[in-house]
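Quick notes on the structure that follows.
The values are calculated or read from the model by the stated rules, or taken from the named source; none is laboratory data. Because the structure is a prediction, the values reported are computed rather than measured. Positions of Cβ are backbone-derived with ideal geometry, glycine not excepted, and every protein chain shown enters the neighbour counts.
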Amino acid sequence: MSNWNHKHIIDLSTFSVRDYETILELANRFKALPQKGPRKLPALQGKLIANLFFEPSTRTRSSFELAAKRLSADVLNFSANISSLSKGETPLDTALTYISMGADILIVRHESTNLPSELASYLDKSGEETSILNAGDGLHSHPSQGLLDLFTLARYFNPEKPLPNALSNKKIAIIGDILHSRVARSNLWALTGCGADVILCGPPSLLPEDFENFVKEPPPGQTIDPINKRGKVLINRSLKDALEDIDAIMTLRIQKERMNNNLISSLERYKQDYEINHQRLKWCKKNVPILHPGPVNRDIEMSGEILDDKSYSLVREQVENSIPIRMALLYLLSSKKQT
């Protein structure tokens, strides 16, 4: 992929429309591969992928491992609870250990914001060729989740040609805990970058007003926005008003493990105000799709009936699409290393 210019994948704020096109085109090709019989491709044969998950994960870690194996890469999995971290080893030294073992790509997930970026900067200054792929850092970014959500929506709106323009002029509602969500932040960059308007909805304690300006300026350290014209980000506190004229809904998990200071009075009150259920879908257009990055708190962010209703819920499609998207990212990073 001669047009791919990213050694690392840290944050979607650096992605151009052409970057999104490249990823979605490649993911769609991987998605089209037979689902039965031999599934391995020799594309990454001889490559070593290391999953460095300093924070718990089920979907992200498993899908990255499966994506790497389907491309014939060797995979090493790091587990924080049985590692030398307990003996005082730093995440940097852990990363360098895996690089010394020959890792070509480090997939890094950590509770600290910007750790993957700091690792990437250190490796670049040291002349290391290893790539860093951010699998979620603190309250900052989760680029592969943002991309698989984008892919899922593009396939829904245009199954024959799921490219960025499938999102142009669409209105996407993101409901819930925006403050603690790296998924929401990545989706804001991706969706607006592909021309969609995003309506954010949630209580003030979980959705500060300044999120309306989130994509108006490049983040610190970045001088330009690679997108010429982004979609808008709007805030609407009323769930009923936020769902009016919406083309898709994304609900977010209440992240109890990241919360301090009782930011919501109770889960029951949150459910009363923001749960997506069949009754509230009557406020929307007909057959509006619903996404959730998982894991879902059933009957809090969305009703169990909605989660299991395939006429609305795209949650299983998101999980399925995580594999071809992550195959595409690993392939592109590996291709960049060979140029």
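When the stretch 302-339 is examined, which residues are found to be assigned to a loop (DSSP other than H, G, I, E, B) and either more than 25 Å from L267 (Cα to Cα) or at pLDDT below 95 (or both)? Within the stretch 302-339, K310, S311, T339 meet the criteria.
Of the strands (runs of 3 or more DSSP E) lying entirely inside the stretch 191-268, those containing at least 2 residues that are modelled with pLDDT of 95 or more and surrounded by 20 or more Cβ atoms within 10 Å (Cβ to Cβ) span 197-201, 248-251. Taking the stretch 101-113 as the search range and keeping residues that are surrounded by fewer than 19 Cβ atoms within 10 Å (Cβ to Cβ) and out of contact with any Phe, Trp or Tyr (no Cβ under 9 Å at 6 or more places or on another chain), which one is farthest from L76 (Cα to Cα)? For the stretch 101-113, the residue satisfying everything is T113. Look at the stretch 18-29: where a residue is over 16 Å from L167 (Cα atoms) and a partner is at pLDDT below 95 and not in a helix (DSSP H, G or I), sitting 6+ places away or on another chain with Cβ atoms under 9 Å, you get L26/M1. Taking the stretch 128-147 as the range and being among the small types (G, A, S) and closer than 17 Å to A328 by Cα as the test, the residues that pass are S131, A135, S144, G146. Within the set S79, S63, the sole residue that is among the small types (G, A, S), in the same structural domain as P324 (by TED's automatic domain parsing) and touching a helix residue (DSSP H, G or I) at 6+ places or on another chain (Cβ under 7 Å) turns out to be S63.
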